[in-house]
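Asker: Here's a structure for you.
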Amino acid sequence: MCPICIEPQNRTADSEFLLLGLSDDPEVQPLLFGLFLSMYLVTMLGNLLMILAVVSDSHLHTPMYFFLSNLSLADISFSTTTVPKMLLNLQTQGKSITYAGCLTQATCYSLFGCLDSLLLAVMAYDRLVAICQPLHYLVIMSPRLCGLLVLLSFSISLLDSQLHYFLVSQLSFCEDVEIPHFFCEPSQLFKLACSDTFTNDILIYFIGAIFGGVPLSWILFSYYRIVSSILRVPSAGGKYKAFSTCGSHLSVVCLFYGTGLGVYLSSAVSSSLKKDAVTSVMYTVVTPMLNPFIYSLRNRDIKSALWRMIRRLV
């Protein structure tokens, strides 16, 4: 039985949850603060440099780099949804988050996580056209279509986040709810709710299958077409050149979906909520930090644009 439950609509601005974080050890928390602050700053700097390089260099005003700059913006927003609150709690030795703040975190987490997934699917389509229909690439991937694809991705992500908001807002919670995580992840809130969540669980898995499975299926289909096209190239040098144009994107896709599926599977098979929080670090913190490095280290155009921008600043 739930001791004292409060319906969400009756909650006041003073209602609070407790984020237990990654560790309760006072000696470990300063180390965690330094580590995650460094990772967050690297994430912000790397993705901002990526955006500035694309905006400032006319050579990068192409569909691929337009989508890449939007992915960097989504990564900044995704990381900012969770890390600053965790850093604040570590610094102040506090654990509280308001009900409204928790609901906002859960909604923004769904919004930018879905946006990342959809942008990767759009970028897969861009690589598909570039390799399979190179002569018609600039005609097909017009500025108008690129803008519409980004706008459509954001609109679908907004719909996904509002569905998550609706489902979470229907839950009722007991007083002094302790969340064994460093942010308000929707799946954790479902586990801690006092009310019956059977219908909500079914809906959340259905929504995840639609908004996560469809982009992944499109990416797999796109790379099936891409690989089939590359294998028909007669020369080994031509095959390498064709595949190198999508190597960075494929690496980011593997990192994003690999860590995301790892979090999901560990949550499904493990009964330890604390372990779920640790594995979520890879998905919410490490992946947004590594994305700009993957693209810049493997891309001469990005490196050249960054050097030109740095020389102008100096």
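Asker: Projected onto the charge dipole of the chain (+1 at Lys/Arg Cβ, -1 at Asp/Glu Cβ, origin at the Cα centre), which of Leu90, Phe183, Ser69 gives the Cα projection farthest towards the positive end?
Answerer: Ser69
Asker: What aspartates and glutamates does Lys303 reach when the alpha-carbon gap must be under 12 Å and sequence neighbours fewer than 8 apart in one chain are set aside?
Answerer: Asp57
Asker: Tally up the carbon and sulfur contribution to the accessible surface of the chain as a whole percent, 1.4 Å probe, everything protein left in place.
Answerer: 68
Asker: What's the extension gain from Leu148 to Lys191 if we count 0.36 nm per residue and subtract their Cα-Cα distance?
Answerer: Full extension of this stretch gives 11.7 nm more.
Asker: Next question, about the same structure. Just need the relative contact order of the chain here, percent rounded to a whole number, with Cα pairs under 8 Å and 6+ apart.
Answerer: Result for the chain is 29 percent.
Asker: Given a 1.4 Å probe and heavy atoms of the protein chains only, how would you sort Ser96, Ser157, largest accessible area at the top?
Answerer: Ranked list, largest accessible area first: Ser96, Ser157.
Asker: Which of rounded, prolate or oblate describes the stretch 50-147 when judged by the alpha-carbon gyration tensor and an a/c cut-off of 1.5?
Answerer: prolate
Asker: Calculate the spin-label point distance for Cys132 paired with Glu178, positioning each point 7 Å from the Cα along the beta-carbon direction, and give it in nanometres.
Answerer: Each label point is offset 7 Å from its Cα along the Cβ direction, giving 5.3 nm.
Asker: Counting each DSSP H run of 4 or more residues in the chain as -39500 (n - 2.57), what helix-only mean residue ellipticity at 222 nm follows after dividing by all residues, to the nearest 500 deg cm²/dmol?
Answerer: -24000 deg cm²/dmol
Asker: Which residues does a label at Ile210 reach in the stretch 151-193, if reach means a backbone N under 16 Å from a point 7 Å past the Cα toward the Cβ?
Answerer: Only 153-168 fall inside the zone, counting backbone N under 16 Å.
Asker: For Cys254, what accessible area in Å² do you get when you roll a 1.4 Å probe over the heavy atoms of the protein chains, rounding to the nearest 10?
Answerer: Cys254 has an accessible surface of roughly 80 Å² with all protein chains in place.
Asker: Leaving out ligands, DNA and RNA but keeping every protein chain, what accessible area does Met289 have, in Å² rounded to the nearest 10, with a 1.4 Å probe?
Answerer: The accessible area of Met289 comes to roughly 30 Å².
Asker: Something else now. If r is the Cβ-Cβ distance from Leu220 to Leu297 and R0 is 30 Å, what FRET efficiency results, to the nearest 0.05?
Answerer: 0.75
Asker: Hey, another quick one. Output the 0 to 90 degree angle, nearest 10, between the alpha-carbon long axis of helix 214-231 and the longest principal axis computed from the alpha carbons of the chain.
Answerer: 20
Asker: Could you state the angle between the C-alpha long axis of helix 247-269 and the longest principal axis of the C-alpha atoms of the chain, as a value from 0 to 90 degrees rounded to the nearest 10?
Answerer: Between the helix axis and the principal axis of the chain, the angle is about 20 degrees.
Asker: Give me the accessible area per residue for the stretch 24-313, probe 1.4 Å, as a whole number in Å².
Answerer: 49
Asker: Between Leu261 and Phe166, what is the spin-label point distance in nm, taking each point 7 Å from the Cα along the Cα→C-beta axis?
Answerer: 3.0
Asker: Largest first, what is the accessible-area ranking of Lys191, Lys85 with a 1.4 Å probe?
Answerer: Lys191, Lys85
Asker: If you work out mean projected area of the Cα convex hull in nm² from the coordinates, which of [x] 16.6; [y] 14.9; [z] 18.8 do you get?
Answerer: [z]
Asker: Relative to the Cα centre, what is the charge dipole magnitude of the chain, using +1 at the beta carbon of each Lys and Arg, -1 at the beta carbon of each Asp and Glu, and rounding to the nearest 20 debye?
Answerer: With only Lys, Arg, Asp and Glu charged at Cβ, the dipole is about 1880 debye.
Asker: Along the Cα-to-C-beta direction of Ile310, a point sits 7 Å from the Cα; which residues of the stretch 14-48 have their amide N less than 17 Å from that point?
Answerer: Inside the label zone: 42-48.
The values are calculated or read from the model by the stated rules, or taken from the named source; none is laboratory data. Worth saying up front: this structure is predicted, and the values here are computed from it rather than measured. Quick reminder, even Gly has a Cβ in these numbers, built from the backbone with ideal geometry, and neighbours come from all protein chains shown. The accessibility values were calculated without ligands, DNA or RNA, using every heavy atom of the protein model including side chains. Shrake-Rupley method; radii C 1.70, N 1.55, O 1.52, S 1.80 Å.
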